[in-house]
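The values are calculated or read from the model by the stated rules, or taken from the named source; none is laboratory data. Bear in mind the structure is a predicted one, so any value in this text is a computation, not a measurement. When we count neighbours, we look across all protein chains shown, and the Cβ atoms used for this are built from the backbone with ideal geometry, even at glycine. In case anyone asks, the SASA skips ligands and DNA or RNA and just uses the protein heavy atoms, side chains included. Shrake-Rupley method; radii C 1.70, N 1.55, O 1.52, S 1.80 Å.
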Amino acid sequence: MRTKANTWTARALIGASVLFILVMLALPLAMILSEALHAGWSAYWKAISDSYTLKAAHLTLTATAAAVVLNAVFGLAAAWAITRFEFPGKRLLTTIIDIPFAVSPVIAGLVFILTFGRLGWMNPILTAYDIKIVFATPGIVIATVFITFPFVAREIIPVLEARGNDEEQAAALMGAGFFTIFRKITFPHIRWALLYSVILCTARAMGEFGAVSVVSGHLRGKTNTLPLHVEILYNEYQFTAAFAVASLLAAAAIVILVARNIVEYMVKKEDGGHVR
Amino acid sequence: MKSLSRFFSFFLALATFFAASLFPATFVPAAELELTNVSYDPTRELYESFNKAFQKHYKAKTGKNISVVQSHGGSSKQARAVIEGNAADVVTLALAYDITAIEKAGLIKAGWQKSFPNNSSPYTSTIVFLVRKGNPKNLKDWGDLIRDGVGIITPNPKTSGGARWNYLAAWAWAHRQYKGDEKAVKDFIAKLFKRVLVLDTGARGSTNTFVQNGQGDVLLAWENEAYLALKEQKGKFEIVTPGLSILAEPPVAIVDSVVDKRGSREAATEYLHYLYSDEGQRIAGQNFYRPSNPVIAKEFGDRFDLKVNLVTVDDPIFGGWNKVQSVHFNDGGVFDQIYTR
Amino acid sequence: MKTRLKNKTIPGFGLSLGITMAFVSMVVLIPMFSIVLQSSALGWSGFWKTVFDARVLASYRVSFLCSFIAASLNCFFGVMLAWVLSRYRFPGRRIIDGMIELPFALPTAVAGIALTALYSGKGWVGAFFADLDIKIAYTPAGITIALTFIGLPFIVRAVQPVLEQLDPVYEEAGRMLGASPARIFRSVILPEIVPALLTGFGLAFARALGEYGSVIFIAGNMPFKTEIAPLIIMSKLEQFNYGEATAVALTMLMASFVIMFCINVVQSRAARFVKE
Amino acid sequence: MYVELRGINKHFGAYQASRDVSFGIEEGNLAALLGPSGSGKTTILRMIAGLESPDSGDIFIDGARVNDLPSSKRGIGFVFQNYALFRYMTVFDNIGFGLSVQKTPRAELAARVEELLRLIGMEGMERRYPAQLSGGQKQRVAFARALAPNPRLLLLDEPFAAIDAKVRQGLRSWLRGMISRLGLTSIFVTHDQAEAIEVADEIIVTNAGRVEQKGRPVELYKSPATPFVARFVGDSAPIGDIGRLKGFDGADADVSGVVSGAIRPEFIKIFAPGESVQCESAVEAAVVESVIFRGDALEVSLILKDTRLSARYPLEKETIAAGQKIRALVYCLYAFEGGRTRLLHNACLGRQHDAYSYSI
């Protein structure tokens, strides 16, 4: 339980922490905002509504949506398989799932180029069916999926593990099928954890730069996501425009964080348990 | 029964996976005739105006609408992307070496440099110094750069086409200055790069470091890049043309394998030819590129110092790009030796 | 191989494991295999020559050093933040708590240009230090700040739940035995949060090691001084040098995998103490 | 008084945890704070320890006011309900923690810990971690840890609540022996009245934040001061209106307006069928509801004038069965008069029978 900050050390600790957050997080945000509005609202609005920005935003949303859906499906399947059953190699599987967390985005991009690119070993198959992955939207989707791969799984597995599977077993003994068990018993418990991880996954997916930039090819209006568009604007001396679009992404980030707080508050109120 | 359901689910997953990721691609409406021009960093402004003019020209000539999709980035980074499958109808890069790399990858037929006039270089440029207003450090020529306390900004020659032209220009001057004494030239180049404060990956990145973030006293830059900086940041900088510099010929080429598959050879050829038209040459001039057509070049005589002494990469000191690349820029080359402190 | 499934009562094993394996192979295993395939083209001698090249070693040093310092900084401030957020009520607590995830949500490129603008000679903070003749941007210090920004959420979010769920009775026992608050923190609370702290540190370190987007703007990229390993991979790629790029990438991958493995070991060892 | 509380009040928001609590405990005494959960007994203990601070009132230890002293300076050993052993320290480090805080030299500390380990019968377990100990062992280590810095006062918060029944019995007598051997003033909190009666020298019964009564277990049992104590300590059956029982009806009993009361099983004597009856006028008719074998005697639940009472019935007497009509005599009962409790003898028995056998 939290106490009022009365002792001298408490106040010092709070002061130091708040200062750290202000310098490390608030200042960059303020920087973005001040640069974005540097040339006034009309310039800001022009940058936001520029056709390339809108196309980039469209691509970012599509890629993020696809990535979040795929990761959610994977996360649920993996959580179900790992926590409900015993099978050899389970611990190895969980470590593999965590790999994307530890891998540099640059390598992630490179890896997909080497697999699906013209020099990749899968190239003959891809050209045979005339499937274009890298330097096109599917490449961006798969790069985003890779970067945010563990988010959902990593969030749901502990929740399911903590709860044990006796409820599911009881239901199974009474003849319930997979979907009824999942819908009626498991899903209600992981509802908040799923929502929470989907929110985080969306945030991370929208903001990915390194991996996407390697597989994107920077075709203006076709394979540029918002973060890439920010870099392009920055490299075209359009600093205010770059920061304007950046502030768009920062705003999206803040909206997402507010959503996360609401979800966390709901969880605290509902079962007192801690989502994370 | 058990393995059947496992197998079925495996395929179900693969199907959903592909469908979901392909879906956005098919969703994007196919524009009418479309050309993709993969170019290097500083040509963003040039091709923005050129493409508009070309669309009008092509509509007038063939009655068909055409749109040009641009892609910009470090010259060799862009060449790599094309080699890896980034479908470009035409490439307009910073140096012949990058297009030769695409040729070696089998995407462009050999002898591409002869298919367009002036070594397939519709516009040329050179390397100049961009200094702060009033030239506080009084930098007149390459020799002044190695004075103490001079902060130099240039991109990384291993990753940026522009930076390689900077390096060659400095080498050419040092070669003439020290009358071919190999050790003295290397020593000069080493001193020069010792004073480099920031090595950005691309030419435009370097310009931003010098212009936007106020680093260093002098920026080694493309002539067009320097003029653009003057236009963007009025009254803050000035250009100093060194006594000797290099003739930078950024070549253009058609990517044969892509145009053949897409059937866009005719449009692509027209696009590159239009660069050589008077209209195209004037756009290049307006964007601070030296038109290769001498007649048009004279019109911009006031802007460009046409008398500046230029050496070319095929000059005996260098002997063409292949030799230059392996001697100077490949791993373990002269540039790397400078950095094995 | 026929896996002997102990508890076959709960249905959906085939389906969930199938989906999981499909995703894991498509998104992680096949691409990772490409890296190994590509760098093996180099042959062992080529591999060692690349990986132990002076400039590559220098980049490892810069990357590992800056990532380590950044992760340690985050450890110090992360624990302080987690403590303050879980133990005290003060105005603005919820806002600070909400902002922690910002580095996740903000695109790395946006963070890069914002931090560079902030800490360069002319920036708000940079100018202040410039008067004291201290350069931040374009130096290892700049890199460390960017990596601290990137790694910040990992540790706070790892330690905070532990502190919130820690039974206050341990601290009270310490107080009754005459221990000062500092001693209580050191010998009672610290051991409780060390496992979570190490996990957070490992994740922040691995994430910082691979960071590219934000760092290349602020790093200055001077070989031997501020050139980070991911940039080496990128520049080798730009010289069409796939073999060497993947070799460096593989060593980075190995390092991250070792870090992730250590995290798992620490977690399982710590669980042994807490068998209540 | 070695430990004294005067006029202690404490509330958490709207909930009034302690209402004007005052009591004192003699040096060397082992006192029990007994009461139902939520009656404020733990709060009192925590206020003495300094883990909570009272809103008003004073706490004295050994004559000195300690309200403003931090817990660490009050010289108190505290044993927590679920042990609160430091999970990442060995048994040795746990026990030695209090001394290491006081910068005790290594050798002296080790000697003291070894001595304590012998005291709690756990020699050779220094290297174990708490997770490797049983509940009983953990509690003894917690006890040793609290004793290590030689506290002047020992506080225990429901020390046996988390221990399973059969181990608890042994631990209780072990604790009782330890504390009396050390002569250490101690206060422990419990909600189990049998534990309080068995272990404590004196008991303080708390209810809804107030002290109901303080006294030796026998006193509380025999002469409860308030209705609550009468009901809470020992078994007793509530009586709605005592006037309806013979010998306690309004006529000759000197009570007026007395309404309710309580009867302990030993206050009732059941006559076997055909057994000669004393004091014919006071005998009541009753029906046996159920009979439970309690080892040394039978516990009989009977309905007398539609109130259920429970009484003891010796084995050697003629057996009785459920539903059988019997005659019973109520020797005495507790009468509740406006918050106070008084022991009332059956009027018709007269004085000659004031002594009656109590089986505690």
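Taking the 1.4 Å solvent-accessible surface of region D:3-231 as the whole, the part contributed by carbon and sulfur is 49%.
For region C:61-73, putting each phi into the Karplus relation 6.51 cos²θ - 1.76 cosθ + 1.60 with θ = phi - 60° gives couplings of 4, 4, 4, 5, 5, 5, 5, 5, 4, 4, 5, 5, 4 Hz, in residue order, rounded to whole numbers and with x for Gly and Pro.
Mean Kyte-Doolittle hydropathy of -0.5 or higher plus an axial Cα length of 18 Å or more: which whole DSSP H helices in chain A meet both? Taking the DSSP H segments of chain A (at least 18 Å long, mean hydropathy at least -0.5), we get A:8-21, A:51-84, A:90-102, A:149-163, A:187-207, A:239-271.
The chymotrypsin sites (Phe, Trp or Tyr not before Pro) of region A:110-203 that meet both conditions, a loop assignment by DSSP and at most 15 other Cβ atoms within 10 Å of the site Cβ, are A:TRP121, A:TYR129.
Anisotropy class assigned to region A:171-276 is oblate, per the alpha carbon gyration tensor with a/c at or over the 1.5 cut-off and a/b no larger than b/c. Entry comment: accessible area of chain B is 38 Å² per residue, from protein heavy atoms only and a probe of 1.4 Å. Amide H to amide H, which residues 5 or more places from D:PHE188 or on other chains are under 5 Å from it, using H placed in the peptide plane? Counting only residues 5 or more places away or on other chains, the set is D:ALA31, D:ALA32, D:LEU33, D:LEU156. Excluding ligands, DNA and RNA, the accessible surface per residue across chain C is 36 Å² with a 1.4 Å probe. The distance from the alpha carbon centre of region C:218-253 to that of region A:144-165 is 32 Å, rounded to a whole number.
Each stretch of four or more DSSP H residues adds -39500 (n - 2.57); spread over every residue of chain C, this sum gives -23500 deg cm²/dmol at 222 nm.
Measuring nothing but how far apart in sequence close Cα pairs (under 8 Å, 6+ apart) lie, relative to its length, region C:44-275 scores a relative contact order of 31 percent.
Applying 1/(1 + (r/R0)^6) with r as the Cβ-Cβ distance of D:LYS166 and A:ALA251 and R0 = 45 angstrom yields a FRET efficiency of 0.10.
Amide hydrogen proximity for B:LEU244: with H placed 1.01 Å from N in the peptide plane, the residues at 5 or more positions away or on another chain lying under 5 Å are B:TRP142.
Legend: residue pairs B:LYS104/B:LYS298; B:LYS77/B:LYS194; B:LYS109/B:LYS307, Cα-Cα distance threshold 30 Å; pairs beyond threshold, B:LYS104/B:LYS298; B:LYS109/B:LYS307. Taking a span of 30 Å or more along the helix axis (Cα atoms) and a mean Kyte-Doolittle hydropathy of at least -1.0 as the rule, the DSSP H helices of chain B that qualify are B:2-27. Buried surface for the B/A pair, taken as the accessible area of each chain alone minus that of the pair with a 1.4 Å probe, is close to 2900 Å² in total.
Only helical runs count toward this figure. For chain B, summing -39,500 (n - 2.57) over DSSP H runs of n ≥ 4 and dividing by all residues gives -14500 deg cm²/dmol at 222 nm.
Using the Cβ-Cβ distance between C:LEU65 and A:TRP121 with R0 set to 56 Å, the FRET efficiency from 1/(1 + (r/R0)^6) comes to roughly 0.95. In chain D, the convex hull through the Cα atoms has an average projected area of 22.0 nm², a quarter of its surface area. Residues whose amide H lies under 5 Å from that of B:LYS109, counting only those 5 or more places away or on a different chain, are B:ASP256; hydrogens are built 1.01 Å from N in the peptide plane.
Once D binds C, the 1.4 Å probe can no longer reach about 2300 Å² of accessible area, counting both sides.
Of the trypsin sites (Lys or Arg not before Pro) found in region D:108-194, the ones in coil according to DSSP and having at most 12 other Cβ atoms within 10 Å of their Cβ are D:ARG127.
Across the cross-link table entries A:LYS222/B:LYS59; D:LYS138/D:LYS166; D:LYS214/D:LYS317; D:LYS103/D:LYS138, which are compared at the Cα atoms, the separations over 27 Å belong to D:LYS214/D:LYS317.
Annotation: chain B has a Kirkwood hydrodynamic radius of 21.7 angstrom, from the mean reciprocal C-alpha pair distance.
What's the carbon and sulfur percent of region B:191-234's accessible surface, probe 1.4 angstrom, rounded to a whole number? Its accessible area is 50 percent carbon and sulfur atoms. The Stokes-Einstein estimate for the protein assembly as shown, based on a Kirkwood radius over Cα pairs and taken at 37 °C with 0.692 mPa s viscosity, is a diffusion coefficient of 90 µm²/s. With a Cα cut-off of under 19 Å and a minimum spacing of 8 residues unless on different chains, the lysine pairs in chain C number 4.
Once each of the trypsin sites (Lys or Arg not before Pro) sitting in a DSSP loop with at most 12 other beta-carbon atoms within 10 Å is removed, chain C keeps C:9-274 as its longest stretch. Taking every protein chain into account, the accessible area of chain D amounts to 43 square angstrom per residue (probe 1.4 Å). Given Cα pairs under 8 Å that are at least 6 residues apart, what percent is the relative contact order of chain D? In percent, rounded to a whole number, it is 16. In region A:42-103, Rg over Rh equals 1.30, where Rg is the alpha-carbon radius of gyration and Rh the Kirkwood radius from pairwise Cα distances.
Here the dipole of chain B is about 500 debye; that uses its Cα centre as origin and unit charges on the Cβ of Lys and Arg (positive) and Asp and Glu (negative). What a 1.4 Å probe finds exposed on chain C is 72% carbon and sulfur by accessible area, rounded to a whole percent. Across chain D, the longest run free of exposed loop sites, meaning GluC sites (Glu not before Pro) lying outside DSSP classes H, G, I, E and B with no more than 14 other Cβ atoms within 10 Å, spans D:124-274. Overall size of region A:41-270 from C-alpha positions, given as principal axis extents largest first: 65, 49, 28 Å.
Using a 1.4 Å probe over protein heavy atoms, the accessible area lost on pairing A with C, summed over both chains, comes to approximately 8900 Å².
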